[in-house]
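**Q** Below is one structure. I have some questions about it.
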């Protein structure tokens, strides 16, 4: 009962802190808008992500689409990750110190940062941790039900984010290299693989029916973002993710190699380095690897607890448990959007020192990219609402944006219920041509708006440069809103051609 109360307290504390990490100055994040909009277009796949996030988005929509529920689900997945680590430590026969120390190391870490945003990453980490936990359960009992649980966890993880495939790529050679490879002769393993395949099959069929757009997405990602990834920065980030507590992972890896009680888990030692090696080879983004670590805190905490089974250890134990929250304080002060944009812009050095001002373009900016991606959206939606309400017959107006952040933000924050679209990301499949458009509200990126008036104005009776985003800290700063009224051409026909062109470019079948 005592342990259950402590665990419940840790989880409650997780939720309380999670809701205090973002200043109300900031809006939702650019990516969150896209994921939320998927609730209005349910499918077995998307250009950007597999379908699971859209199911949670639909549930959030039913619950009212409030910020509370948007932030609740990533916090929930983080809390469940803590629960799984706790259960893993129990499975490894860890004492109360190991339970508290291991879960604190996981709690007061990058997970707080990851769990602030409604993205697939929080469930991804939970999926990795669950699979590792079920493997430990199987190694201890050899009961086939754990193979089936692994299959379900992998299937859901795959439907959440394809990143889970790297876990399997790291596990296979590790299993082959250890005596536990006898599992490869167990027919139940192949039944579980069939279950996993059936779970992910609808998404694979969707990919096939849409010409596997995931390959285009990976190619685009490699050419525009991963090309700027530095392998040394990747390694440095791994230590920063678990600032001050990363040595616990080192103890866990050492124990897997040398501690007799962990001999049967030795495949985890090999899997760790194989998986990290794959990420390094592919120049993956640093946060792709976060799912690896929680389970190794369980190994490390249990092993450290065996080193403290003396009088001195009983004195050190409370100090060690206090270390993760203490080390979290500098991370809280720097890595969360809890300071105003003005403050960050006026104190750039401490942010620059840890690489937070470097964006995916490889250049330094005045705010961290994620923070800049959380500004200017309500301003944009309000201004579009004002413009829309003044247009004659506004229901015949197409709101066309340059990127999914603009479109998603308008759709989320609009008080008039208007629906914006873009030729970017999944929105190329979400155009509605069921009625004829006569007017156009065009939102252009700041670096692409110079020629818009010259190019588009001749096709309309009236053309106005209506407004722009004025928040200088927003990534969308300077984005211009143009209004074009009473078209001289068939807008539907012209836009449909551009949509078809974008669909072909993304290797999608033209619809």
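**Q** Got at least one residue in the range 386-394 being in the same structural domain as residue 470 (by TED's automatic domain parsing) and on the phi > 0 side of the Ramachandran plot?
**A** yes
**Q** Identify, please: which residue in the range 324-356 is without any contact (Cβ under 8 Å) to a residue 12 or more places away in the chain and part of a helix (DSSP H, G or I) and is, among those, surrounded by the fewest Cβ atoms within 10 Å (Cβ to Cβ)?
**A** It comes out as 349.
**Q** Based on what the data block shows, is residue 170 free of Cβ contacts under 8 Å to residues at least 40 places away in the same chain, buried (at least 19 other Cβ atoms within 10 Å of the Cβ) and at negative phi?
**A** Criteria not met by residue 170.
**Q** Now for a different question. Would you point out the residue of the range 283-314, among those that are more than 30 Å from the chain's Cα centre (by Cα) and touching a residue at least 60 places away in the same chain (Cβ under 8 Å), that is surrounded by the fewest Cβ atoms within 10 Å (Cβ to Cβ)?
**A** 308
**Q** So, restricting to helices (runs of 4 or more DSSP H) that lie completely within the range 1-110, which ones have at least 2 residues that are without any contact (Cβ under 8 Å) to a residue 40 or more places away in the chain and either out of contact with any strand residue (DSSP E or B) (no Cβ under 9 Å at 6 or more places or on another chain) or crowded, with 16+ Cβ neighbours inside 10 Å (or both)? Walk me through how you get there before you give the answer.
**A** Details: elements: 2-18, 30-37, 52-62, 67-91, 96-107.
Answer list for the range 1-110: 2-18, 52-62, 67-91.
Residue-wise test of (1) at pLDDT 90 or above; (2) within 33 Å of the chain's Cα centre (by Cα); (3) more than 17 Å from residue 407 (Cβ to Cβ); (4) surrounded by 15 or more Cβ atoms within 10 Å (Cβ to Cβ).
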| position | (1), (2), (3), (4) |
| --- | --- |
| 452 | no, no, no, yes |
| 483 | yes, no, no, yes |
| 504 | no, yes, yes, no |
| 508 | no, yes, yes, yes |
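The values are calculated or read from the model by the stated rules, or taken from the named source; none is laboratory data. Please read these numbers as outputs of a predicted model, since none were measured by experiment. Note that we place each Cβ from the backbone using ideal geometry, even for glycine, and neighbour counts take in every protein chain shown.
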